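Asks: Here it is: the structure, laid out below.
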Amino acid sequence: MSHRAAAPPFAPVPADPSGASGPVSVSVDGLRVRRGKSTVLANITASIPDGRITGLLGPSGSGKTTLMRALVGVQKITAGTVTVLGRPAGDPRNRHDVGYVTQAPSVYRDLSVLDNVRYFGAVHGAGREDAQAVLAAVGLAELAKRKAADLSGGQFSRVSLACALVGKPKLLVLDEPTVGLDPVLRADLWQQFRDMASEGTTLVISSHVMEEAGHCDTLLLLRDGMLLEQLTPAQLRERGETDDLELAFLRMIRAAEAESPGNGTQANGAGAGPGGRAAS
Amino acid sequence: MNGTMMWATSVRVLRQLKGDPRSIAMILVVPAVLLALVYWLYQNETLAPGQPRTFDRVGLMMLGIFPFVVMFLVTSITMLRERTSGTLERLLTTPIHKADLLFGYAVAFSIMAAAQALVATGTAYWVFGLEIAGNAGWVVLISVLTAVLGVALGLLCSAFATTEFQAVQFMPVVVIPQILLCGLFVSRDQMNGVLEAVSNVLPLSYAVDGLQEVAAHADPTSALVADLVVVAAFVVAGLLFSSLTLRRQTA
């Protein structure tokens, strides 16, 4: 593949209204993850701006969870570096500052809501008041005494969120936090994420629902373990020539496929130039 | 190692148990009921004058075996749940140290084990008139120690099970051979050489040997102390190996 332009195939930190040109919370360089013979992540290079919401979007199986696990430091990586808050991912000193909410809520079903949050608080040195404050913040204060197993799906996943918030993380990694929630609750959560970001927390949120991309400051678009683009929702709309983020993403995928047909090993060349937009 | 985190873990595990009163009742009552069964089993035996009752020998050994079995099962299932529910992976992203987690478990179940041992030993003494030369305090201590041994081995075995069904299958593999070879059925010095050698490397043999020392001597013997040290060493080794099975990074 010939490099027509001196600029990298995608702008790692686009200078744009998202503020992504500011301080960086996470930088990923040449990250590869192989599981057995399959490549789960192929050469990901990206940076995640500090105090912003970064959306990790892509279809199921595109490597979103693996990338998030790499940020948290629980993923064995094959090559590359992941630097989180100035330290290698998984550094023991990061464990206080990085919160991770897995896709399947990971809480103790046989404990009360409050006891769950208090336990995860205790491992971060937070007390009972902190736990109650966090429960109030996620709207579960009235259910504090209920057993987690007795809650509805949406409430249950908010317990999982509360267990991560109680550690007051500087970087919060959320794997599909809004999946299966009703629209009102989804809007509430996104408002909460926005408030946290404005207080300085860096959020990385994955979703396979493109309409949620609009809530993010910057987007990482993943497909088949490759990073298609890093850009803002506005840039995505502009690039896809539509206000429909889903359609814009689809167009970018088609453009990428048109540009690197067959066994394209690098996804980075996707859709950089206007000429690359072949698909409608 | 951090005392606060360890204790928080113990409290959490005990709270989980508290939410399950049926399990608590089983842990406390079942050994006493089984002791009653053993008592009735030997109720009609005819004894030569001066010969001790079989219950005094078998019932005493049971006081060391029950806590081991019960805690092995309870721990391996609880820890397996922790692994499969994602809470373990989540915990390992937090500042908690592996030792805090494992010792937290060990302390919580030891507290349960102590309660169980008190009920079972009390039943043996006061209801069924267990008669041994040594002090009942040693019996309780050995019961608790074998319970902690069950915890340590349960934590370790949970790493090799991916389902609760598999975890339960570890009982015939890990627990039953120890019961067969610990000296309950055939005294260890009467076993063939191979079996005796195997029984010499199984921790439960030392616990049962310790109980026999307590039964035979009014004062603690050096053999008893040696037995306790060996069982304790198995506990520590079990916990250390378990900590190796807790990986912060997975593929």
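Derivation of every value follows stated rules applied to the coordinates shown; laboratory data play no part. Every value quoted in this text rests on a predicted model; they were computed, and no experiment measured them. Backbone-built Cβ (ideal geometry, glycine too); neighbour counts: all protein chains shown.
Asks: A:GLY80's amide H: which non-local residues (gap 5+, or another chain) put their own amide H closer than 5 Å, with H modeled 1.01 Å from N in plane and none for Pro or chain starts?
Replies: For A:GLY80, whose amide H was placed from the backbone, the distant partners under 5 Å are A:ARG32.
Asks: Under the Karplus relation 6.51 cos²θ - 1.76 cosθ + 1.60, θ = phi - 60°, what is the ordered set of whole-Hz ³J(HN,Hα) values for region A:43-52, x standing for Gly and Pro?
Replies: 6, 8, 10, 7, 9, 10, x, 6, x, 10
Asks: If you don't mind, there's one more thing I want to ask. Test of the criteria: in region A:119-195, which trypsin sites (Lys or Arg not before Pro) are in a DSSP loop and have at most 16 other Cβ atoms within 10 angstrom of their Cβ? Intermediate values should be presented prior to the final figure.
Replies: Working: sites: A:ARG128, A:LYS145, A:ARG146, A:LYS147, A:ARG158, A:LYS170, A:ARG186, A:ARG194; in loops: A:LYS145, A:ARG146, A:LYS170.
Here the trypsin sites (Lys or Arg not before Pro) that fit, given the DSSP loop and packing criteria, are A:LYS145, A:ARG146.
Asks: HN-Hα J couplings of region A:83-94 from phi, Karplus 6.51/-1.76/1.60, θ = phi - 60°, integer Hz, Gly and Pro as x?
Replies: 10, 10, 6, x, 10, x, 4, x, 4, x, 5, 7
Asks: Oh, and also: Please work out whether region A:45-109 counts as rounded, prolate or oblate from its C-alpha gyration tensor, where a ≥ b ≥ c are the square roots of the eigenvalues and a/c under 1.5 means rounded, while otherwise a/b larger than b/c means prolate and anything else oblate? Let's see the in-between values first.
Replies: Values: a/c = 1.36, a/b = 1.09, b/c = 1.25.
Taking the square roots of the gyration eigenvalues as a ≥ b ≥ c, region A:45-109 is rounded.
Asks: So what's the protein assembly as shown giving for Rg/Rh, alpha carbon basis, Kirkwood Rh from the mean inverse pair distance? Write down the numbers at each step before the final one.
Replies: On the way: Rg = 29.4 Å, Rh = 26.2 Å.
My calculation puts Rg/Rh at 1.12.
Asks: What is the distance in Å between the Cα centres of region B:15-60 and region B:192-251?
Replies: Between the Cα centres of region B:15-60 and region B:192-251 lies a distance of 23 Å.
Asks: Hey, what's the Kirkwood Rh for region B:148-251 if you take every pair of different alpha carbons, in angstrom?
Replies: On the way: mean 1/r = 0.0661 Å⁻¹.
One over the average 1/r among Cα pairs gives 15.1 Å for region B:148-251.
Asks: Sticking with this one: Amide H neighbours of A:LEU172 under 5 Å, counting only residues 5+ apart in sequence or on other chains, H built in-plane at 1.01 Å?
Replies: Result for A:LEU172 returns A:GLY99, A:THR202, A:LEU203, A:VAL204.
Asks: In square nanometres, what is the average projected area of the Cα convex hull of region A:104-168? It would help to have the intermediate numbers written out before the result.
Replies: Numbers: hull surface 14.4 nm².
The Cα convex hull of region A:104-168, projected and averaged over all directions, gives 3.6 nm².
Asks: Please turn the phi angles of region A:157-169 into ³J(HN,Hα) values with the Karplus equation 6.51 cos²θ - 1.76 cosθ + 1.60 (θ = phi - 60°), one per residue in order, whole Hz, x for glycine and proline.
Replies: Here the 3J(HN,Hα) series is 6, 6, 4, 4, 5, 4, 5, 7, 5, 5, x, 6, x Hz.
Asks: What net charge is computed for the residues neighbouring B:PHE234, neighbours being all others with C-beta under 14 Å from the C-beta of B:PHE234, Lys and Arg scored +1, Asp and Glu -1?
Replies: Net local charge, B:PHE234 excluded: -2.
Asks: When the Kirkwood radius is taken over all Cα pairs of chain A, what Stokes-Einstein diffusion coefficient follows at 20 °C and 1.002 mPa s, in µm²/s? Walk me through the numbers before you get to the answer.
Replies: Working: Rh = 19.4 Å.
It comes out at roughly 110 µm²/s.
Asks: Here is a follow-up. Run through region B:130-207 and list the chymotrypsin sites (Phe, Trp or Tyr not before Pro) located in a DSSP loop whose Cβ has at most 16 other Cβ atoms within 10 Å. Please report the intermediate quantities before stating the final value.
Replies: Values: sites: B:TRP138, B:PHE160, B:PHE165, B:PHE170, B:PHE185, B:TYR206; in loops: B:PHE160, B:PHE185.
Those that pass, being in a loop and sparsely packed, are B:PHE160, B:PHE185.
Asks: In percent, how large is the relative contact order of region A:104-168, given Cα pairs closer than 8 Å and 6 or more residues apart?
Replies: It comes to 49 percent, rounded to a whole number.
Asks: With both bridge residues required to lie in chain A, what share of the DSSP beta bridges run antiparallel, to the nearest 5%? Write down the numbers at each step before the final one.
Replies: Numbers: 21 of 38 bridges.
Taking every DSSP beta bridge with both residues in chain A, the antiparallel ones total about 55 percent.
Asks: Under a 5 Å amide H to amide H cut-off, with H placed in plane at 1.01 Å, what residues pair with A:LEU228 once short-range neighbours are removed?
Replies: The answer is A:LEU221, A:LEU222, A:ARG223.
Asks: Would you kindly state the longest site-free stretch of chain B, with sites defined as GluC sites (Glu not before Pro) in a DSSP loop (not H, G, I, E, B) surrounded by at most 16 other Cβ atoms within 10 Å?
Replies: On the way: sites that count: B:GLU45, B:GLU131.
Answer - B:132-251.
Asks: Based on DSSP H runs of at least 4 residues, each adding -39500 (n - 2.57), what is the mean residue ellipticity at 222 nm of chain B after dividing by all its residues, to the nearest 500 deg cm²/dmol?
Replies: On the way: 11 runs with 180 residues, N = 251.
Estimated from H runs of four or more residues: -24000 deg cm²/dmol.
Asks: Check the protein assembly as shown and count each lysine pair with an alpha-carbon distance under 26 angstrom, considering only pairs eight or more places apart or from different chains.
Replies: Lysine pairs meeting both conditions in the protein assembly as shown amount to 15.
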